[in-house]
Amino acid sequence: MFINFWYVAEQSENLTDQPIRKKMLGQNFVLFRDESGKAQCLSDVCIHRGGSLSGGKIIGNCIQCPYHGWQFDGKGICHRIPSLGKEAKIPKRAKIDSYPTKEIYGLVFCFLGDLPEKERCPILEVKEYGWEDWRATTQHFQFDFDYKRSIENGIDGAHNEFVHPTHGFSGENEDYKSPPIDMKLTEWGTGFFNKVYAPPLKEKRMREASGRSVNAVVEAGTGHHGISMLWTYIHPTPEILIHQYAFETPIDETSTSIYLINTRNFLTDPKDDERVMERNQVVAFQDRDVLVNINPVLTPNKIKNEFFVPMDRPLKRYRELLEKWQQKGWRIDSKTVNNNRLSHAYAIPSPGRKHTKGWVVDSIPML
């Protein structure tokens with residue numbers, strides 16, 4: 001797992017007047033709204049006696065620890081230590097890690113790391129969100145697999161022929177050969193476009209709406225942005241467009257939270273949302289059924305441990321970027337964390353650690 005990226009913690013509508021505990025990167029965080037309604041994200045470990053802040057109360061702009069009543073604002077600064085008395089001067093060292101948040105596309109994004117703002121990978125843009133004549137839906141999935149394996153699956157154009165009956169012919173086409181891909185490289189990502197031969201959808205309403213009533217050549221593109229954001233464009237016809245965006249957050253090494261935003265310029269009546277979402281779920285579960293049985297569970301550290309072919313070039317670049325980010329010191333030393341999990345609390349380093357010293361909870365070990 002890697003620090004220094006934006007991860008989705010929750011849907012905005014679920015963050016109300018009660019604190020929420022979320023596990024990301026193997027660590028616990030507390031989400032809450034302050035008096036202005038701004039979403040705040042803190043490490044869920046009170047520096048006093050290790051209490052879980054998410055079990056406490058929201059008092060004004062602060063979250064109050066349920067153990068001894070210490071209060072911390074959205075910046076992680078302690079404002080009250082009841083045992084010292086009402087007029088007590090709060091020590092400067094009484095602080096916990098606070099993480100930048102952004103609410104966009106109906107999601108709460110948290111930047112889990114210590115990079116300054118200008119050096120951060122930006123959030124993947126969902127440009128169609130809110131467009132007139134387009135419709136967007138959001139779905140949440142939680143699966144027991146490595147998020148990196150999931151991202152690699154997303155940029156693996158060859159798996160569609162065998163995993164998704166709506167995307168290919170389940171291996172029954174003896175003349176099948178992976179089509180050539182047009183690679184698209186950016187500083188933070190890798191993607192490609194190609195044209196695939198696909199069957200029509202089985203459901204009549206979806207088939208008619210998508211314009212695919214017979215086997216047809218479909219233009220598609222997909223790619224990752226940063227370590228865990230994925231875009232997929234599917235164009236059944238030049239006029240019918242489906243653009244999907246997946247934001248994947250590692251809960252821990254082997255479980256992943258996925259928020260899928262699906263945008264479309266057809267079937268835009270809200271009554272059609274359920275039909276579209278059901279189709280998305282079918283595809284997501286088809287991927288899940290393959291990924292939960294993949295071996296090894298985690299993405300191999302070395303490319304040579306798997307036999308790649310030309311269609312795997314996007315995966316090769318993704319792994320090269322993983323190695324680059326690890327060399328920057330962004331990869332969590334999960335082995336050490338797991339070995340110490342019963343006796344030691346850690347915090348994902350926040351931007352504040354670049355500016356002040358005297359932190360009580362240790363920064364999580366990195367490779």
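Structure values in brief
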| read-out | value |
| --- | --- |
| Total formal charge among the other residues, if their Cβ is under 14 angstrom from that of Thr222, Lys/Arg +1 and Asp/Glu -1 | -3 |
| Potential lengthening between Arg49 and Thr356 on full extension [0.36 nm per residue; Cα-Cα distance subtracted] | 108.3 nm |
| Accessible surface ranking that places the most exposed of Ile261, Ile20 first, with a 1.4 angstrom probe | Ile20, Ile261 |
| Label-point separation in nm, His79 to Thr186, each point 7 Å along Cα→Cβ | 3.8 |
| Modelled FRET efficiency - R0 41 Å, Asn340 with Asp133, Cβ distances, 0.05 increments | 0.15 |
| GNM flexibility winner over the chain from Glu253, Glu306, Glu161 (Cα, springs under 10 Å) | Glu306 |
| In degrees, nearest ten, helix 273-291 long axis to first principal axis of the chain (Cα) | 80 |
| Dipole of the chain, positive direction: furthest Cα of Ala345, Pro165, Val30, with charges on the beta-carbon | Ala345 |
| Cα→Cβ-extended label distance, 7 Å offset, between Val292 and Thr268, nm | 3.8 |
| Net charge, Asn301 excluded, C-beta distance under 9 Å - Lys, Arg +1, Asp, Glu -1 | +1 |
| Flagged links, alpha-carbon separation over 26 Å, of Lys304/Lys354; Lys38/Lys92; Lys195/Lys271; Lys38/Lys328; Lys195/Lys324 | Lys304/Lys354; Lys195/Lys271; Lys38/Lys328; Lys195/Lys324 |
| Whichever aspartates and glutamates have a C-alpha closer than 17 Å to that of Lys184, once near sequence neighbours (fewer than 8 apart) are set aside | Glu125, Glu152, Asp156, Glu219, Asp312, Glu320 |
| Radius 15 Å from Cβ of Asp312, net charge of other residues (Lys, Arg +1; Asp, Glu -1) | +4 |
| Gain upon complete extension [Ser36, Tyr176; 0.36 nm per residue less C-alpha separation] | 44.7 nm |
| Sulfur and carbon atoms: percent of accessible area, the chain [1.4 Å] | 49 |
| Surface per residue (accessible, 1.4 Å probe) for the range 41-162, Å² | 48 |
| Residue-averaged [θ]222 nm for the chain, counting only DSSP H segments that reach four residues, each worth -39500 (n - 2.57) | -4500 deg cm²/dmol |
| Simple label model, 7 Å out from Cα along Cβ direction - Glu323 to Arg21, nm | 4.0 |
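The values are calculated or read from the model by the stated rules, or taken from the named source; none is laboratory data. Here the structure is a predicted model, which means the values were calculated and not measured. Cβ: placed from backbone, ideal geometry, glycine included. Neighbour counts: every protein chain shown. Only protein heavy atoms, including side chains, enter the accessible area calculation; ligands, DNA and RNA are left aside. Shrake-Rupley method; radii C 1.70, N 1.55, O 1.52, S 1.80 Å.
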